[in-house]
Amino acid sequence: MTISQKTKQSLSLPPGNLGLPLLGETISFFTDPNFNQKRLNKYGKLFKTSLFGRPTVVMVGAEANTFLFKNENKYVVATWPKSTKILLGSTSLAVKTGDFHTSRRKLLYQAFQPRALASYIPTMEHITQEYLNKWEKLNTFTWYPELRNYTFDIASSLLVSTDGGSQTPLGEYFEEWCAGLFTLAIPLPWTKFGKALYCRKKLLQYIEDIVVKRQQAKNPGEDALGLLIQAKDEEGNSLSLEELKDQVLLLLFAGHETLTSAIASFCLLTAQHPEVLQRLREEQQQLSLASPLTLENLKQMTYLEQVLKEVMRIIPPVGGGFREVIESFEFQGYQIPQGWNIQYQIAQTHKDQAVYPDCDRFAPDRFSPDKAEDKQASFAYIPFGGGLRECLGKEFARLEMRIFASMLLKNYQWELLPNQSLELLTIPTPHPRDGLKIKFSPLV
Ligand code: HEM
């Protein structure tokens, strides 16, 4: 709740350590994979730290998530590090707040509604099959970089009509732009941020050329780009060229990294749990669905759905999100001051023993209809965030993951090669240290 000036002074700040001046605890945040777990053990579910030059309160658990998601735009607004804000661009949905954000979300959602999603299936199936054929020929290879190319090719095909985007200059500029997103915003030619700024210019030029060609064509097309070009807000206005470029760049970014992590984790965890793999294959055989897949077919894959949910519970692609406090409030007896940042925690929420007993065990049956462990509390399962800023591409992501998994399970087998580190690196999104070395072959 909001607190008066007098009460504010009487309440203490959450426990924790603000670390060094300016740097705070940012270095440990990046280098220590157990940064949050250690502080959670020491201070409990609410603690202070200092990250990216800002005092920050980390809030963990379903109750905290509910509070934050319900009070978006009242006590908190979404925020990003300076480097991210600049590289995403001033008109990007990610940096907008309040009513403008809500109205833009509605407009962009036109590219993610069920009819639009159904129209993406043939492209997704086609690119998936091309990669499966390639991997079959390769036989042994490192999967994670391949999966990065795979998800980028789908996104670039649907968003910027570029086939095989990962192998074009677009892919190169994009990778270097991504590398600058979470860095110190020092715009010199040799810094990661400076290089990323240069790549942003190149990427925007690339996107502009494609958008202008599409706008001049009689029919802008039914892929995601075509739908965004035709989309209108409540007053009937379309997106300007400048804004369209920022939004396309945001969607390329938001979807690619996260989806790669989710898919790679699915491949890893199923390789490590043959009993789960067996049940997944049985489901595919029982359904024996022909291509092209439909949204209805995919809904029938209920065990696959449970497995994918458990994959994103145990290895969530996004570990948490940042908010800025716009009005001081009280939470669990502590003051949370205006001007501070908040980090809500996805990874730690998913490890709450009270909600997910034996939380480190990979157990897709947690999500079976009779158990439904995630339904015990609101916002106890939040791989896609929640509230007004819940992932806009959630259904796109679920669609791509199910198409990939279904086509893989039906016809192929894979096993982990020995002598590799499967330790998960968490920056920028979780992935195995050695990139997941596998042997891949047709199912016999
Ligand atoms: C926001 C996760 C895939 C587009 C978010 C947020 C999370 C998330 C946690 C909320 C961040 C916050 O609270 O500040 C994921 C995961 C994905 C995924 C786990 C894949 C498994 C995608 C895809 C797209 C997408 C495929 C688009 C093609 C967006 C956008 C936002 C967002 C535009 C910002 C929404 C807003 O600010 O209103 N995502 N995402 N995401 N996601 Fe995703």
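Computed quantities for the displayed model
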{"item": "Matching option when the condition is open to solvent by 40 Å² or more (accessible area, probe 1.4 Å), among the hydrophobic types (A, V, I, L, M, F, W, C) and either modelled with pLDDT of 95 or more or farther than 20 Å from His431 by Cβ (or both), among Ala363, Ala290", "result": "Ala290"}
{"item": "Enumerated helices (runs of 4 or more DSSP H) restricted to the stretch 302-420, each holding at least 1 residues that are away from the ligand (no atom under 11 Å from the Cβ) and without any contact (Cβ under 8 Å) to a residue 24 or more places away in the chain", "result": "302-314"}
{"item": "Flag if Phe193 is open to solvent by less than 80 Å² (accessible area, probe 1.4 Å) and not β-branched (Val, Ile, Thr)", "result": "yes"}
{"item": "Pairs with Cβ under 9 Å, 6+ apart, first in the stretch 215-228 and closer than 15 Å to Thr162 by Cα, second open to solvent by 30 Å² or more (accessible area, probe 1.4 Å) and not in a helix (DSSP H, G or I)", "result": "Gly221/Ser161; Asp223/Ser161; Leu225/Ser161; Gly226/Ser161; Gly226/Asn219"}
{"item": "Filter result (open to solvent by 70 Å² or more (accessible area, probe 1.4 Å) and more than 22 Å from the chain's Cα centre (by Cα)) within the stretch 96-136", "result": "Asp99, Phe100, Arg115, Pro122, His126, Glu130, Lys134, Glu136"}
{"item": "The stretch 187-233, subset charged (D, E, K, R) and outside any helix (DSSP H, G or I), residue farthest from the ligand (Cβ to nearest atom)", "result": "Lys218"}
{"item": "Exclusive hit being modelled with pLDDT under 95 and surrounded by 13 or more Cβ atoms within 10 Å (Cβ to Cβ), set Lys375, Lys394, Lys410, Lys437", "result": "Lys410"}
{"item": "Members of the stretch 14-45 that are under 26 Å from Lys82 (Cβ atoms) and crowded, with 16+ Cβ neighbours inside 10 Å", "result": "Pro14, Gly16, Gly19, Gly24, Glu25, Thr26, Ser28, Phe29, Phe35, Asn36, Arg39"}
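The values are calculated or read from the model by the stated rules, or taken from the named source; none is laboratory data. The structure presented is a predicted model; accordingly, all values stated were derived computationally and were not measured. So basically every Cβ, Gly included, is an ideal-geometry build from the backbone, and we count neighbours across all protein chains shown. For accessibility, only protein heavy atoms count, side chains too; no ligands or nucleic acids. Shrake-Rupley method; radii C 1.70, N 1.55, O 1.52, S 1.80 Å.
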